[in-house]
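Single-structure report; data block below.
The values are calculated or read from the model by the stated rules, or taken from the named source; none is laboratory data. Predicted model, so just to flag it, every value in this text is computed and none were measured. Cβ: placed from backbone, ideal geometry, glycine included. Neighbour counts: every protein chain shown. Protein only, heavy atoms only, side chains kept; ligands, DNA and RNA dropped before computing areas. Shrake-Rupley method; radii C 1.70, N 1.55, O 1.52, S 1.80 Å.
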Amino acid sequence: MTTKIVYGLIILTSAILAVANIALQAYLIAVLAIISGAIWLLLQVKTKEAPHSLFFVVFLGLTLLGSLRNLPIPFMLLALTLDLAAWDLSRFQTRINSEEQSASKTALELKHAQKLAITVSIGFVIALLPTYVHLSLNFVVFLLVLLLLMLILRKSILYLRKEVKISR
Amino acid sequence: MKMPFMLILSSIFGIIILGVISLHADVVVLSIPLVAYLFAAILRRPEEIKLSVTREIYPEYVPEGMPVTVKVTVLNQGASIDELVIEDILPKGIQQIDGTSSRIALLEAGSKMEFEYTIEAQRGDYKGYEVLVKASDFLQLFELALIYRTSTHLIVYPPYTKLDRIKIRPPQTHGFAGPIPARQGGVGIDFWGVREYQTGDSQRQINWKLAARSNQELYVNVFEQERVASVGLIVDARLRTNLVSQSGSLFEYSVRAAASVAENFLNDGNRVSLLIYGSEMSRVFSGYGKSQRDRILRALANANPGVNYALESLMHLPTQIFPAKSQIILISSLLPEDIAIILRMRSQGYAVMVISPDPVAYEATTSQEANDLAYRMANAERSFILQQLRENGVQTVNWRVDQPLELAIRETVSHQPAIAFNHMVKM
């Protein structure tokens, strides 16, 4: 199951970046995206132990380049989210590669895919919000809001972890 | 810090810095999915591992080369773990032949995980095992590793071959019937002598030919009694008598020979004791039966060659621990200075047999240089040692370990009959 998802994610990431760059007539970057995707896919098919982190960084760079060249941000976010998921799942696949096929392995794969899907979806949705909601803030106010956000984040992590413990 | 964690963290900071430098808000937005990813990992990060690891090994007492099944059960007594990697660390000398000794699984609170695999172990006594446990969040950014120790006991004893009855003739035997000639007339198979007829003797025992020659006197045949005896096995575990090659250690052959000989004598009902003389002296007291065989095999499973400067020579061999006038069987590849000690044992009244795995032939087989001068000289020196022992009434088995022990004993002992007790020792 994981293998097929990884293949799909690599193809999608590569395709989105290629299409977006072709639309911008940046053919060289489009070709680079396709070639990187093809190599990653090939290595993934052949060895299952491709240098995932390298390809993750390559696609991250391409996404950043696209953002700097004012490509539509939802596309770039989608490409980054898919790249992140592909990287995570390919690492996961390497870890479970030696494991024999069993019910527990299937359950592990399913749970992992579900949790990852939820995580990246939430990240994608939250990241989409700033593209539709625009706020003009003073830099000092921005810093204060950032500080507040970090505190809230810390508290929420502690709270959620405690909740999880109690529910167990 | 794990590499993926560092990569995500540096990516987040990199994106933010790039966005700030380029004054491009869209770039900063790209960091949000990565922050969410990191947040999820922190949320699911394992804080502690509370597991109960148990191991079953069956069978726990096996000969070398037999497959052994190991079953590991892990019970989660703490919180749910997204990804748990269990790696059973195999002790040195154990080889996995089937199944897998590591597992990765999701382990809910209170649930358990089991896995089985098959191993093959070298001779030894395996007491402690380690299980490496790694718990991590489902994104594997944070990991907690622990080592659990289990104390299941596995004893792998040396394999032994069944030998034909080894003919020995110790000066003293015990009262119970057995296969060893007792040097006393009575009920037996081998002819011992004649004596005058006494009232109550069976007519079947009368030696009619002798009676016909004598003057109205009757004589009866007397046979040699056969009884059990005490046999003391000495295994030479000195490091300097051991040879190690790519194919293995000569000491392993000594251990196997000791196991075979012990089995042989115990099967005949004899009392057998064992002394392993090497880095220390470990001893199994005299006994008989299956339980004694197990005791000896356990001691042999633990035997290893070692250095002890106090025990460099057989001079300190405590022969007095063996019953007087009993049979001693020394299993050693022999050094020239050992001759005097072995002859001293003979002079003390013991019947001595030496089973000597041939180190010269062993070295020659492994090094493929059997024709050079050094080999011939070593061979001559060894032949001289063995010859001296034979001349002094020591039964000597020169065992080329590439041949079966059975063959070596049959060939050698049949040509060297057990020496009578009162044989002169040339000192």
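When B:Pro91, B:Pro159, B:Pro179 are screened for being under 29 Å from B:Ser247 (Cβ atoms), in contact with an Asp or Glu (Cβ under 6 Å, 6 or more places away or on another chain) and surrounded by fewer than 19 Cβ atoms within 10 Å (Cβ to Cβ), only B:Pro159 passes. Please state which of the following conditions A:Ala33 fails to meet, knowing it meets all the rest: (1) within 12 Å of A:Asn21 (Cα to Cα); (2) facing chain B (nearest Cβ under 10 Å); (3) part of a helix (DSSP H, G or I). Failed condition: (2). Does any residue of the range B:81-88 turn out to be in contact (Cβ under 8 Å) with a residue 24 or more places away in the chain, among the acidic types (Asp, Glu), under 22 Å from B:Leu43 (Cβ atoms) and surrounded by fewer than 20 Cβ atoms within 10 Å (Cβ to Cβ)? Within the range B:81-88 (the criterion being in contact (Cβ under 8 Å) with a residue 24 or more places away in the chain, among the acidic types (Asp, Glu), under 22 Å from B:Leu43 (Cβ atoms) and surrounded by fewer than 20 Cβ atoms within 10 Å (Cβ to Cβ)), the answer is no, since none of the residues qualifies. B:Ser101 falls short on exactly one of the conditions (1) within 12 Å of chain A (Cβ to nearest Cβ); (2) open to solvent by less than 30 Å² (accessible area, probe 1.4 Å); (3) out of contact with any Asp or Glu (no Cβ under 7 Å at 6 or more places or on another chain); (4) free of Cβ contacts under 8 Å to residues at least 60 places away in the same chain, and that condition is (3). Consider the range B:54-73 and keep the residues that are surrounded by 18 or more Cβ atoms within 10 Å (Cβ to Cβ) and of a type in the set (Val, Ile, Thr). The one that is farthest from the chain's Cα centre (by Cα) is B:Val72. Residues in the range B:204-221 that are among the polar types (S, T, N, Q) and under 18 Å from B:Gly186 (Cβ atoms) were compared, and the one that is most open to solvent (accessible area, probe 1.4 Å) is B:Gln205.
Could you list all residues from the range B:22-47 that are in a helix (DSSP H, G or I) and charged (D, E, K, R)? Even if it seems obvious, please write down each step before you answer.
Of the range B:22-47, the ones in a helix (DSSP H, G or I) are B:22, B:25-29, B:31-43.
B:Asp26 - this is the single residue of the range B:22-47 that is in a helix (DSSP H, G or I) and charged (D, E, K, R).
When B:Glu381, B:Glu391, B:Glu363 are checked against the criterion of being open to solvent by 60 Å² or more (accessible area, probe 1.4 Å) and within 28 Å of the chain's Cα centre (by Cα), B:Glu363 stands alone in meeting it. Could you tell me which of the residues A:Thr63, A:Thr131, A:Thr106, A:Thr81 is in contact (Cβ under 8 Å) with a residue 24 or more places away in the chain and more than 10 Å from every other protein chain (Cβ to nearest Cβ)? Only one candidate passes the filter, namely A:Thr106. Within the range A:3-18, residues that are more than 15 Å from A:Leu32 (Cβ to Cβ) reach partners that are among the polar types (S, T, N, Q) with beta carbons closer than 9 Å, at six or more positions or on different chains, in the pairs A:Thr3/A:Gln44; A:Thr3/A:Gln93; A:Val6/A:Gln44; A:Val6/A:Ser90; A:Val6/A:Gln93; A:Tyr7/A:Gln44; A:Leu9/A:Ser90. Residues being of a type in the set (Asp, Glu), surrounded by 24 or more Cβ atoms within 10 Å (Cβ to Cβ) and within 16 Å of A:Ala15 (Cβ to Cβ) are entirely absent from the range A:86-99. Just one of (1) farther than 19 Å from B:Ile16 by Cβ; (2) over 18 Å from the mean Cα position of the chain (by Cα) fails for A:Leu68. It is (1). Condition check for B:Met3 on (1) open to solvent by less than 50 Å² (accessible area, probe 1.4 Å); (2) within 11 Å of chain A (Cβ to nearest Cβ); (3) among the aliphatic types (A, V, I, L, M): one failure, at (1).
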